[in-house]
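Below is one structure, written out as structure tokens, with a few remarks after it.
The values are calculated or read from the model by the stated rules, or taken from the named source; none is laboratory data. The model shown is predicted, which means the values in this text are computed figures rather than measured ones. Ideal geometry is used to build each Cβ from the backbone, glycine not excepted, and the neighbour counts take in all protein chains shown.
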Amino acid sequence: MAPVIDQLSSLLQKRALCPSGYYYDYDFNRCVRGSGWYWYGRWIFAAIVIILFFLIFFLWA
């Protein structure tokens, strides 16, 4: 069980190294600035999925 805790703590330490608006690139081992779509894109995708869910639900009902 200890290796899982060690892996989790190392992941959190790497995430803490990057300032707000940046994400950790594991390929190059550095912080990379995320674009506005990096943050807002996931919310837009979630909204589209929810709208499609309700659309299919109401058309099927």
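Okay, here's what the table says:
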item: Subset tally (residues that are loosely packed, with under 10 Cβ neighbours inside 10 Å and at pLDDT 70 or above) for region 8-20; result: 2
item: The listed residue being over 15 Å from the mean Cα position of the chain (by Cα) and modelled with pLDDT of 70 or more, out of A61, A2; result: A61
item: Qualifying residue in region 21-28 (condition: on the phi < 0 side of the Ramachandran plot and either in a helix (DSSP H, G or I) or modelled with pLDDT of 85 or more (or both)); result: no
